[in-house]
Amino acid sequence: MASVVDTTVKYFSSLMSGAPALSGTVGSLLGVIRACLKDGFDLKTLSSLTVAGGVATAAFTGSHSAQIDSVVLIAGVTGGPSGWAGMNGEQKITGKPGAASVNFATNLPDGTYTGTITMKMAPLGFAEIFSGTNVAAFQSADPASTKMILRLDDTGTTIARVVGCESMTDINTYAGLFPTALQMAGGGYWSKSNAASATAVQWMLIGDARAFYLHVCPGVASSASFTQGFTRFFGDVAPFKPGGDAYACALNYSTSNNASSQSDGQPEYNNGTQQAFPRSPSGLGSALLNTCLPYTGNGASTSGIDSYFGSFPSPIDGALRLSKRYFAVNTSSPPRGDAPGLYSTPHTLAFDSFKFNDRVPGSGPLAGRNLIVVNTTNTNTTSVPSTSNTGAAFFDITGPWR
């Protein structure tokens, strides 16, 4: 890869200046998913690209979506010092020295790089294999992936419908559904907005080339203070089966068509079995429902509203303790695999200290990694969030996840 650091994990949010808007309108979620998974967004032509002492500075006019720890795609470098071609490709942002410039680390020679050079937010690397009117199917392009397919139907206003598929011949012809029609007729629900309107809501998407989490705050459409939200997941888990697990792909969804009340089955809140896998690890049978549990904490509590270790900060040492989460059929079943990149906290009062888009430096086993925060809820999004109904979940944005 072009970058001297890992760029496999990427994140995007509505707080980025050029990000696509999500609202209670037909097709808006598909626009967000398409931009983050396949196309990228906020393409700008650079005014200059220079390197000095291992630090590249990309300058542009106006603003750009790039934030520290986000990944951009550089293209169009055609001239410069020896080795200039290596500048094209993905780069992870390490600094913002000015309002119209960003930095990233490089091992390329000092100098001024030339050409018609562009920069945009780098997508995760999924392919859109079929599409229709406000309907599309996405599949990881990573050769190591399970190659399972996400079918997203965004013909609704406040909610979208989702289903996983093992195979597909066109947007309306598919097989090997997870969940099956018996488990969830018509597919699961993903929330967009409390209101069927063009009012933009807050969102964040974090992922790698094989999986992603989507966190949406649908209540922002009703009030800017309703910043709690729901998290959904699609993609390959980190499987435990020796030799691999060809069906270790999970689709998380809600069973509710009410956009403001989709707390059920979130990866960071075990209150349902809405984690559908296409088959068991043996490859036999059809879709198998799982739950997502913490290794440490109360499995029935939301991350950050969990009294297992008491309140945050700890009165003993002030530490924030985090737990990975795993997929299993139920609380007494063996884990099938980890939820990649996701960490929950077995403390209460997390909402007092950690807000959407906050950064937390890792420590201990997570030393050298940066985590980004979303505020997940165990209820609806029709009121002001509080420490009793809203917590915090943490995602590794340094990577790699695998």
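The values are calculated or read from the model by the stated rules, or taken from the named source; none is laboratory data. Computed from a prediction, not measured in an experiment: that's the story for all the values here. Every residue, glycine as well, gets a Cβ built from its backbone with ideal geometry; the counts of neighbours run over all protein chains shown.
Comparison of Thr231, Thr227, Thr255, Thr273 shows that the only residue that is surrounded by fewer than 24 Cβ atoms within 10 Å (Cβ to Cβ), within 19 Å of Leu152 (Cα to Cα) and either in the same structural domain as Ser323 (by TED's automatic domain parsing) or in contact with a Cys (Cβ under 9 Å, 6 or more places away or on another chain) (or both) is Thr255. For the condition surrounded by fewer than 20 Cβ atoms within 10 Å (Cβ to Cβ), of a type in the set (A, V, I, L, M), over 26 Å from Phe234 (Cα atoms) and in contact (Cβ under 8 Å) with a residue 24 or more places away in the chain, what is the one hit in Ala85, Ala105? Unique residue meeting the criteria: Ala105. Counting only residues that are surrounded by fewer than 20 Cβ atoms within 10 Å (Cβ to Cβ), in contact with a Leu (Cβ under 8 Å, 6 or more places away or on another chain) and closer than 14 Å to Leu108 by Cα, the stretch 57-82 holds 2 of them. The strands (runs of 3 or more DSSP E) located wholly in the stretch 1-93 that include 3 or more residues which are under 27 Å from the mean Cα position of the chain (by Cα) and within 26 Å of Phe130 (Cα to Cα) occupy 10-13, 41-45. Residues considered: Gly125, Gly186, Gly132. Of these, the only one that is in contact (Cβ under 8 Å) with a residue 40 or more places away in the chain and on the phi > 0 side of the Ramachandran plot is Gly125. Considering only residues in the stretch 261-302 that are within 16 Å of Met184 (Cβ to Cβ) and assigned to a strand (DSSP E or B), the one that is farthest from the chain's Cα centre (by Cα) turns out to be Leu288.
Within the stretch 218-250, the set of residues being within 20 Å of Phe351 (Cα to Cα) and in contact with a Phe, Trp or Tyr (Cβ under 7 Å, 6 or more places away or on another chain) comprises Gly219, Val220, Thr227, Thr231, Arg232. Scan Ser332, Ser301, Ser311, Ser307 and give me the residue that is surrounded by fewer than 23 Cβ atoms within 10 Å (Cβ to Cβ), more than 20 Å from Ala250 (Cβ to Cβ) and out of contact with any strand residue (DSSP E or B) (no Cβ under 6 Å at 6 or more places or on another chain). Every option except Ser301 fails the conditions. If you go through the stretch 361-387 and pick out every residue that is part of a strand (DSSP E or B) and surrounded by fewer than 20 Cβ atoms within 10 Å (Cβ to Cβ), you end up with 2.
Within the stretch 350-363, is even one residue over 24 Å from the mean Cα position of the chain (by Cα) and farther than 22 Å from Thr255 by Cα? No; the residues of the stretch 350-363 include none that is over 24 Å from the mean Cα position of the chain (by Cα) and farther than 22 Å from Thr255 by Cα. Within the stretch 236-245, the presence of at least one residue that is in contact (Cβ under 8 Å) with a residue 24 or more places away in the chain, more than 23 Å from Gly156 (Cα to Cα) and buried (at least 24 other Cβ atoms within 10 Å of the Cβ) is confirmed. Could you tell me whether Val329 is closer than 18 Å to Thr227 by Cα, touching a residue at least 40 places away in the same chain (Cβ under 8 Å) and either assigned by TED's automatic domain parsing to the domain that holds Gly243 or out of contact with any Phe, Trp or Tyr (no Cβ under 7 Å at 6 or more places or on another chain) (or both)? In short, no. Based on this model, can you work out whether Thr345 counts as touching a residue at least 24 places away in the same chain (Cβ under 8 Å), of a type outside the set (Phe, Trp, Tyr) and surrounded by fewer than 17 Cβ atoms within 10 Å (Cβ to Cβ)? So Thr345 fails the test.
Could you run through the stretch 17-43 and say how many residues are closer than 16 Å to His215 by Cβ and surrounded by fewer than 20 Cβ atoms within 10 Å (Cβ to Cβ)? Adding up the residues that qualify gives 1. Looking only at the stretch 88-102, count every residue that is closer than 10 Å to Ala56 by Cβ and surrounded by fewer than 17 Cβ atoms within 10 Å (Cβ to Cβ) and tell me the total. Residues meeting the conditions: 1.
Contact map, the stretch 280-291: residues that are within 17 Å of Thr146 (Cα to Cα) paired with residues that are surrounded by fewer than 16 Cβ atoms within 10 Å (Cβ to Cβ) and modelled with pLDDT under 95, Cβ distance under 6 Å, separation 6+ or inter-chain. No pairs are found.
Here Thr199 fulfils each of the conditions (1) farther than 17 Å from Asn257 by Cα; (2) free of Cβ contacts under 8 Å to residues at least 24 places away in the same chain apart from (2).
Look at Ile159 and say whether it is at pLDDT 95 or above and buried (at least 20 other Cβ atoms within 10 Å of the Cβ). The answer is yes for Ile159. Here Lys96 meets the list (1) assigned to a strand (DSSP E or B); (2) touching a Ser or Thr at 6+ places or on another chain (Cβ under 9 Å); (3) free of Cβ contacts under 8 Å to residues at least 40 places away in the same chain almost entirely, failing just condition (2).
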